[in-house]
Amino acid sequence: MIKTLFTLAALGLGLVIAPVHADQSATDQLSGQLQTLQQLQGRFSQTQYAEQSEQAVSTSTGRFRLLKPSYFAWEIETPDSQLIIADGEYLWHHDRDLETVTRRPVAGTDDMSPLQVLAGDSSLLGEKFEVSVTGKGRFRLEPTAGNPGFKELTLIFAADQIGGMEILDNLNQRLFIEFSEVDDQSSQAPADFRFVPPEDADLFYHEQ
């Protein structure tokens with residue numbers, strides 16, 4: 001359960017941050033990279049580390065899909081079975097093992113989360129983050145005000161393709177995500193992100 005809450009907070013629930021001036025050169029470089037990513041799908045491996053530790057707390061693998069401007073699906077296949085999916089209006093979390101479905105309103109452009117950075121409007125980067133280049137193909141994004149869900153987000157590119165993400169949360173826990181089998185050519189549509197809860201699942205709708 002702790003791992004699930006961390007993943008939800010880190011990836012999909014959004015942030016409250018205010019606009020400031022950022023490093024325009026780094027921001028322009030990152031925007032150029034992200035503008036070429038209109039749709040993505042592939043596999044991921046994510047590893048969570050405890051505060052100031054190189055020892056892994058948990059590791060999971062699965063599949064992901066992204067479609068700009070506001071759709072994504074994050075499906076954990078091992079060690080358990082879970083689906084986090086944004087359909088443009090709601091963020092759904094289906095825990096297949098516990099047979100529960102949670103629904104929350106999707107955060108807007110003022111609340112960009114890591115997955116929304118990839119799937120969202122790259123022109124907003126300079127308003128929401130301080131962006132810096134920390135190495136070849138590495139861009140660090142730091143929220144500049146408010147009460148964000150993370151301290152730092154690093155996007156990692158290899159050969160002009162997204163290769164991974166590293167997230168440092170407010171408790172100094174790190175989540176490292178490595179992408180593989182990345183496909184940015186296969187066609188996707190908003191209908192592909194439609195989610196219908198199973199009839200036997202327990203439903204928890206947070207907007208009600």
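The values are calculated or read from the model by the stated rules, or taken from the named source; none is laboratory data. Keep in mind that this is a model prediction, so the values were computed, not measured. Counting neighbours? That spans all protein chains shown, and the Cβs are built from the backbone with ideal geometry, glycine included. The area values use the complete protein model at the heavy-atom level, side chains included, leaving out ligands, DNA and RNA. Shrake-Rupley method; radii C 1.70, N 1.55, O 1.52, S 1.80 Å.
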With the requirement that a residue be of a type in the set (A, V, I, L, M, F, W, C) and open to solvent by less than 40 Å² (accessible area, probe 1.4 Å), what does segment 51-86 give you? 64, 66, 67, 72, 73, 74, 76, 83, 84, 85, 86
Exactly one of these conditions fails for residue 48: (1) open to solvent by less than 40 Å² (accessible area, probe 1.4 Å); (2) within 17 Å of the chain's Cα centre (by Cα); (3) over 27 Å from residue 139 (Cβ atoms). Give me its number. (3)
Residue among 10, 73, 50, 86 that is modelled with pLDDT under 80 and out of contact with any His (no Cβ under 6 Å at 6 or more places or on another chain): 10
Suppose we filter segment 166-179 for residues that are of a type outside the set (D, E, K, R) and more than 11 Å from residue 47 (Cα to Cα); how many remain? 5
With respect to residue 62, is the statement that it is within 23 Å of residue 180 (Cβ to Cβ) and out of contact with any strand residue (DSSP E or B) (no Cβ under 7 Å at 6 or more places or on another chain) true? no
Counting just the residues of segment 143-160 that are in a strand (DSSP E or B) and free of Cβ contacts under 8 Å to residues at least 60 places away in the same chain, which one comes out surrounded by the most Cβ atoms within 10 Å (Cβ to Cβ)? 153
Among the residues of segment 53-64, write down those that are modelled with pLDDT under 95 and of a type in the set (D, E, K, R). 54
Subset of segment 40-70, residues assigned to a strand (DSSP E or B), of a type outside the set (Lys, Arg) and within 30 Å of residue 191 (Cβ to Cβ), comes to 40, 41, 42, 44, 45, 46, 60, 61, 62, 64, 66, 67
Are any of the residues in segment 17-39 modelled with pLDDT of 80 or more, among the hydroxyl-bearing types (Ser, Thr, Tyr), part of a strand (DSSP E or B) and surrounded by 18 or more Cβ atoms within 10 Å (Cβ to Cβ)? no
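Conditions (1) outside any strand (DSSP E or B); (2) open to solvent by 60 Å² or more (accessible area, probe 1.4 Å); (3) in contact (Cβ under 8 Å) with a residue 40 or more places away in the chain, marked per residue:
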| residue | (1), (2), (3) |
| --- | --- |
| 132 | no, no, yes |
| 140 | no, yes, no |
| 162 | no, no, yes |
| 165 | no, no, yes |
| 178 | no, yes, yes |
| 192 | yes, yes, yes |
| 196 | yes, yes, no |
| 200 | yes, yes, yes |
